[in-house]
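Right, one structure below, let's go through it.
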Amino acid sequence: MVGLRSSAPAPYNTITAQLKLSKDQLTSLKTSIELGSRRRVSTFEAVTAYVWRCACKARQLEADQETRVFMAVDVRSRLKPSLPPGYFGNAVVRTSVAVATGEIVSSPLQRTVEQIHDAIVRVDDEYIRSIIDLLELMKDIRHIALGTWQESETDLWVVSWLQLPVYEADFGWGKPAFMARAHVNRRGALYLLRSTDGGITLMLTLEPENMPRFHKVYTEELPDVETESKI
């Protein structure tokens, strides 16, 4: 299922799509990637790599244009010692991968998955503390806050809510049927959420002229994706 809506206010027009990846489709995607890999591939790595490639094709970027994917990494268990179980609040740092668009479009998904994996793995205790040291030296860090990014028609910003136990909440009238951000107006923003049926829900914001092409690529390269569009 795909739901489309315009996002505002924003310095330019954007449109947000809600896309569904069923449990079977997710399993098929991960299995196809793992055939060329020596390890198990995470849901985050597989879906991010696939959407990144689809977005590059939909945006019709030049082969030599640089494209980047930015990711927020939870560091609670990566610090030494790790943060206590009762720690409340965000504990994330940003990591990224930058390559030529032609490489993303023409390479097997396995290669893109490994690049994403390597970027996540390098976020260790030393990496995190080096970022903390840098921030302590800066007088004003507002311009590099995680929620304020420089938007570009070549980049993708991925936030995973896959581990948030949002569907366990019950306020007296039953568990929620669906949860998502109320508003997304940053182009290139991708949120990954669990669905109640075991699949994945994607909230993706792109330029209006590129979203139809993305939908076409997304459905054609992932067989048997059931889609329904709402404006």
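For the condition within 16 Å of the chain's Cα centre (by Cα), more than 23 Å from Leu222 (Cα to Cα), surrounded by 11 or more Cβ atoms within 10 Å (Cβ to Cβ) and free of Cβ contacts under 8 Å to residues at least 40 places away in the same chain, what is the one hit in Arg181, Arg186?
Arg181
Of all residues in segment 154-165, those that are touching a residue at least 60 places away in the same chain (Cβ under 8 Å) and closer than 10 Å to Leu190 by Cα have Cβ atoms under 9 Å from Cβ atoms of residues that are among the polar types (S, T, N, Q) and buried (at least 21 other Cβ atoms within 10 Å of the Cβ), 6 or more apart or on another chain, in Leu156/Thr48; Leu156/Thr67; Val158/Thr48; Ser160/Thr48.
Filtering segment 158-185 down to residues that are charged (D, E, K, R) and touching a Phe, Trp or Tyr at 6+ places or on another chain (Cβ under 7 Å), which residue is nearest to Phe44 (Cα to Cα)?
In this case the residue turns out to be Arg181.
Scoring Lys30 on the criteria (1) touching a helix residue (DSSP H, G or I) at 6+ places or on another chain (Cβ under 9 Å); (2) touching a residue at least 24 places away in the same chain (Cβ under 8 Å) leaves a single failure, condition (2). Annotation: Glu103 fulfils all but one of (1) closer than 30 Å to Glu209 by Cα; (2) in contact (Cβ under 8 Å) with a residue 12 or more places away in the chain; the unmet one is (2).
Is one or more of the residues making up segment 15-23 at pLDDT 85 or above and part of a loop (DSSP other than H, G, I, E, B)? Yes; the residues of segment 15-23 include at least one that is at pLDDT 85 or above and part of a loop (DSSP other than H, G, I, E, B).
May I ask you to verify whether Leu192 is assigned to a loop (DSSP other than H, G, I, E, B), touching a Phe, Trp or Tyr at 6+ places or on another chain (Cβ under 9 Å), at pLDDT 75 or above and within 19 Å of Gln25 (Cα to Cα)? No: the conditions fail for Leu192.
One line per residue, one yes/no per condition, for (1) assigned to a helix (DSSP H, G or I); (2) buried (at least 17 other Cβ atoms within 10 Å of the Cβ); (3) at pLDDT below 90; (4) of a type in the set (Phe, Trp, Tyr):
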| site | (1), (2), (3), (4) |
| --- | --- |
| Tyr12 | no, no, yes, yes |
| Gln25 | yes, yes, no, no |
| Leu29 | yes, yes, no, no |
| Gly36 | no, no, yes, no |
| Arg39 | no, no, yes, no |
| Ala46 | yes, yes, no, no |
| Tyr50 | yes, yes, no, yes |
| Cys54 | yes, yes, no, no |
| Lys57 | yes, yes, no, no |
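The values are calculated or read from the model by the stated rules, or taken from the named source; none is laboratory data. All values derive from a computational prediction rather than experimental measurement. Using ideal geometry, Cβ is built from the backbone for each residue, glycine included, and neighbour counts are taken over all protein chains shown.
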